[in-house]
1. In the set ASP59, ASP92, which member is surrounded by fewer than 14 Cβ atoms within 10 Å (Cβ to Cβ) and closer than 30 Å to THR222 by Cα?
2. Looking only at the stretch 535-579, how many residues end up being assigned to a helix (DSSP H, G or I), of a type in the set (Ser, Thr, Tyr) and either touching a Pro at 6+ places or on another chain (Cβ under 9 Å) or at pLDDT below 95 (or both)?
3. Write out, first by first residue and then by second, each pair whose Cβ atoms fall under 8 Å of each other, whose residues are 6+ apart or on separate chains, and whose first residue, in the stretch 201-217, is surrounded by fewer than 21 Cβ atoms within 10 Å (Cβ to Cβ) while the second is modelled with pLDDT under 95 and basic (Lys, Arg).
4. Go through (1) open to solvent by less than 20 Å² (accessible area, probe 1.4 Å); (2) in a helix (DSSP H, G or I) and name the single condition ILE392 misses.
5. If the Cβ limit is 8 Å and pairs must be 6+ apart or interchain, which residue in the stretch 454-469 that is closer than 17 Å to GLU422 by Cα pairs with which residue that is charged (D, E, K, R) and crowded, with 21+ Cβ neighbours inside 10 Å?
6. If I filter the stretch 324-345 for residues that are touching a residue at least 40 places away in the same chain (Cβ under 8 Å), part of a loop (DSSP other than H, G, I, E, B) and of a type in the set (Phe, Trp, Tyr), do I get at least one hit?
7. Six or more apart or on different chains, Cβ under 7 Å: which pairs go from a residue in the stretch 358-373 that's closer than 23 Å to ASN319 by Cα to one that's assigned to a strand (DSSP E or B) and open to solvent by 40 Å² or more (accessible area, probe 1.4 Å)? Could you list them?
Amino acid sequence: MRNFVLVLLFATMLVAGALARPMNFEDLINCKRISDPVYSPDCNLIAFTFRKASLEANDYSSSIRVINMEGNEMFRIESDSFSVWNPKWSPDGKKLAYLSDESETPQIWFYYPDRDEKKQFTTHYTGVNDFIWSHNGSKIAFDTRVYPECKTQKANKKRDEKEDKSEVNVRVYEELLFRHWDEWWDHKRSHIFVIDTKNRNMLDVTPGNYDVPPISLGYGYTFAPDDKKIYFTSNHDEVVATSTNNDIWSVPVEGGEVQLVTDKCNDRDFAGSDYSPRFSPNGRYLAFISMRRAGYESDKHDLFIKDMIDNKFIKLTDNFNYSISSFQWMPNSRALLCRVDQEGNYKLFKLDIDSKEFTLLVEEGYNKSVDIASSGDEFIYLHNTFTRPSEIFRYSIKKDKADAITAYNEDRFAKVDMNSAEEFWYKGANNVDVHGFLIKPPNFNPNKKYPMVYMVHGGPQGAWHNGWHYRWNLELWAAQGYVLVLINPRGSTGYGQKFKFQISKDWGGKVFTDLIKGQEYVIENYEFINQDNIAAAGASFGGYMMNWFEGHMDEFKYPFKTLINHDGAFNLYSKYLTTEELWFPEWEFDGPFWENEKYYKKFSPHNYIENFQTPMLIIHGEKDFRLDFGEGLMPFTALRRKGIPAKLVLFPEEGHWVQKPKNSEFWHATIFDWLDKYIGK
């Protein structure tokens, strides 16, 4: 790395063994969770959301804190009876807008620091999901869910009240995408409203039968430099369930015709997902992220700019092999700060729009939520790693140096013994290099033999990163006395588009070979791993792979003693018919199964039940509409019918993720008890 110095407040992490202890669930649930850091316009203050969990209340609460650049708290907005979040300063810096559920539905409120006063600004019946300021502060745009045929708040309220009073409890649908993640469609659409900050006159500027922002794969809306138009992301295809065709559109703030911005250029016809419009500070360029291929949600995320004077599109990432996750304009309008998933880290680069050259600024860790100072000399961001949750950091571009501004979690974790992950590379399928991490348990003794847990990530176009995780916290797993091994096999993000692409239509192929070879590599190269006490675990695609392991255990040189399957697919036929985003299986398996059965039949774990032999813990959320909980019932039934030990754990109130604090506590305890039963500690 270049002369990059990361000054951490985490030096105490290498605490003497006598003082340190293993991590426990209380450490995880009591973390202070920081998000949404934003500079004040004069860059003297930082506002952010401060979130914490309560086991007693079985819920989360959030407040807003404001600190100076030394990390000293200046003021906070909080209450025991309601939550506040998502702070955004007015352009003149005189007030801080934020969202609050003080009046039940989330609404925009204003806080006035000079007189320590807060006032509710919006009273929209359906509440507010997100919002932005106009450049001159005279307007705010926000998105909320409304019935597209109801033109007023009164009409929306009347329809809701009519349905609430009905004695008929029924759901009726005639269109696809009738449910999503963990919610049934309420027949409403997300629309953008523009409200005047003085007289509060309000207008729905996207009154059509479509969602803004779209239901998936895209986000973002912004005011034009002169504040006369809104540029937004939306999918207007007839069947959204099979389409990734998000586009950038514009509409006058006074209402009127919606116009397509991403129409066509030499490089592409913008049939894939195009999203996150952002204007350069000088107003000349509109930047956005674009995926070229229709229907492929994991295509390369290219960065484009549109010259609003010449009306030309310019692709900035021709010679860059990685996807752009997000970006911010530098104040000089000649460069952008880009967040990039690369080899297990989320790195920050500066991209020059003339030379199209990338300069690495922040290399290690999981970095996100960037806000750039108006001077362009520095920026703030959230930084976390395997061993520490997010804190606010400041990076000086002139000094090429990062410093931590906050350390809310350091007192707790300074006394916890955690080992940073070790990285390794090995040869996978077709002799391709594959990357992995290994985490040793606390109080590690190289002369001992340790049981191993082999982790498979979700996606499948995802990755294990050097980052803190609240649902799959690898340090907490290692604290149980296990060596954790994390492999980023074929299909993983952060290793180039070719590597990522090679899982599509090949779910049990090269990716499975990568995982087999990875298991052999670590067992045969790390003598402290006990090859007789090994388990594997995964969620989503990782859960699918547990089902695949179950039917193909004989292909492993070192068979697993048990498997842990969280929300994994089991029957690819039923998965297709019960999931919501149909573009995904149609891309991954080359169409619906009745048109092309080849890959469904070849890679569906249910076709290999005859080979099942390994005890499995199966966990599923009953509100998981991405992978219906029937996908958990089927492997449990098959295993028990064959007399193989299995345990089925269903969470009636959870979706794809287990989020409620007490459910999370039970989830962890159940998994660790199961592992202790089969591989010990």
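The values are calculated or read from the model by the stated rules, or taken from the named source; none is laboratory data. These numbers were taken from a predicted model, which means no experiment stands behind them. All Cβ positions, glycine included, derive from the backbone under ideal geometry; neighbour counts span all protein chains shown. Note: areas computed on protein heavy atoms with side chains; ligands, DNA, RNA excluded. Shrake-Rupley method; radii C 1.70, N 1.55, O 1.52, S 1.80 Å.
1. Result: ASP92 is the single residue among ASP59, ASP92 that is surrounded by fewer than 14 Cβ atoms within 10 Å (Cβ to Cβ) and closer than 30 Å to THR222 by Cα.
2. Here the count works out to 2.
3. Every condition considered, the pairs that remain are ASP204/LYS151; PRO207/LYS151.
4. (2)
5. So the pair list comes out as ALA463/ASP341; HIS465/ASP341; TRP468/ARG388.
6. no
7. Partner pairs satisfying both residue conditions: THR359/LYS350; LEU361/LYS350; GLU364/LEU6.
Okay, residues lined up against (1) part of a loop (DSSP other than H, G, I, E, B); (2) open to solvent by 10 Å² or more (accessible area, probe 1.4 Å):
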| site | (1), (2) |
| --- | --- |
| GLU595 | yes, yes |
| TYR599 | no, yes |
| ILE618 | no, no |
| LYS623 | yes, yes |
| GLY643 | yes, yes |
| GLN659 | yes, yes |
| LEU675 | no, no |
